[in-house]
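Working notes, beginning with the structure itself.
The values are calculated or read from the model by the stated rules, or taken from the named source; none is laboratory data. All figures in this text were calculated on a predicted structure; none of them were measured in a lab. Here the Cβ positions follow ideal geometry from the backbone for every residue, glycine too, while neighbour counts run over all protein chains shown. Areas reflect the complete protein model, heavy atoms only, side chains present, ligands, DNA and RNA absent. Shrake-Rupley method; radii C 1.70, N 1.55, O 1.52, S 1.80 Å.
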Amino acid sequence: MTTQVSGHHKKGITIYDIAVTALFAALCYVATTFFKIEIPTPVGRTMMHAGNIFCLLAALLLGPARGAAADAIGMGLSDILSVWIASAPSTIVMRFCMGLVTGAVPKLGGGTSKHSMKWVIIGAVSGMFTYYVLYLGYSFLKDLILGNAVATCLADVGVKAVTSGITGILSVIAACLLYIPFHKALTAAGYYRKR
């Protein structure tokens with residue numbers, strides 16, 4: 001990718017990009033690992049957590065590629081370093097897809113460093129819905145492959161649909177409310193000039 005900075009073309013990813021992406025990955029990790037509620041399901045468990053908020057924010061503020069990387073790294077590490085390690089590969093893939101969609105959709109509204117709130121909301125909803133569909137579909141197929149009855153699989157996915165739906169709605173609202181102060185902070189720090 002080539003961007004125009006002070007009359008010069010700069011290619012590739014800068015140290016500043018890496019630092020900001022790592023910061024958002026850390027926020028995703030901390031919010032998921034330390035701000036969660038685990039809930040039992042018919043074939044295991046699921047959880048409600050605050051990580052989705054920062055997944056959405058990362059992609060809205062950093063764009064699809066950097067946001068997807070921050071989401072996949074932060075949420076993946078949260079699984080790898082916990083009892084959820086078996087879910088890490090699917091988490092990394094699904095969160096990467098979530099970040100790509102969340103960051104790409106607002107670009108349809110034009111602008112690269114600040115989007116109108118309409119497009120921020122559409123991006124957040126689109127990204128959260130992408131994850132919701134991928135997560136429920138993956139959960140159902142995994143339950144079937146493990147030999148559970150269809151009724152049990154549906155009951156498990158039903159619990160996850162409710163908890164993920166509530167978490168998703170709250171996450172979209174929180175991310176959209178936090179977008180403006182976070183955008184102002186990144187702008188003041190010169191992030192959008194240094195990209």
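Summary table below
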read-out	value
Whichever residue in segment 34-44 is open to solvent by 30 Å² or more (accessible area, probe 1.4 Å) and in contact with a helix residue (DSSP H, G or I) (Cβ under 9 Å, 6 or more places away or on another chain) and, among such residues, is farthest from W84 (Cα to Cα)	P42
Residues of segment 77-103 satisfying the condition of being within 21 Å of V133 (Cβ to Cβ), of a type in the set (G, A, S) and either outside any helix (DSSP H, G or I) or under 11 Å from the mean Cα position of the chain (by Cα) (or both)	G99, G103
Test: residue in segment 116-139 that is charged (D, E, K, R) and in contact (Cβ under 8 Å) with a residue 12 or more places away in the chain	no
Condition met for G168 (in contact (Cβ under 8 Å) with a residue 60 or more places away in the chain, surrounded by 13 or more Cβ atoms within 10 Å (Cβ to Cβ) and of a type in the set (G, A, S))	yes
Pair list, Cβ < 9 Å and 6+ apart or interchain, from segment 25-38 residues that are modelled with pLDDT of 95 or more to residues that are charged (D, E, K, R)	A25/D71; C28/D71; C28/R95
Total residues in segment 113-125, condition surrounded by fewer than 17 Cβ atoms within 10 Å (Cβ to Cβ) and part of a helix (DSSP H, G or I)	2
Sole residue being out of contact with any His (no Cβ under 7 Å at 6 or more places or on another chain), open to solvent by 30 Å² or more (accessible area, probe 1.4 Å), outside any helix (DSSP H, G or I) and not aliphatic (A, V, I, L, M), chosen from G147, G158, G137	G147
Output for segment 74-92, where each listed residue is touching a residue at least 24 places away in the same chain (Cβ under 8 Å) and surrounded by fewer than 22 Cβ atoms within 10 Å (Cβ to Cβ)	L77, L81, S82, S90
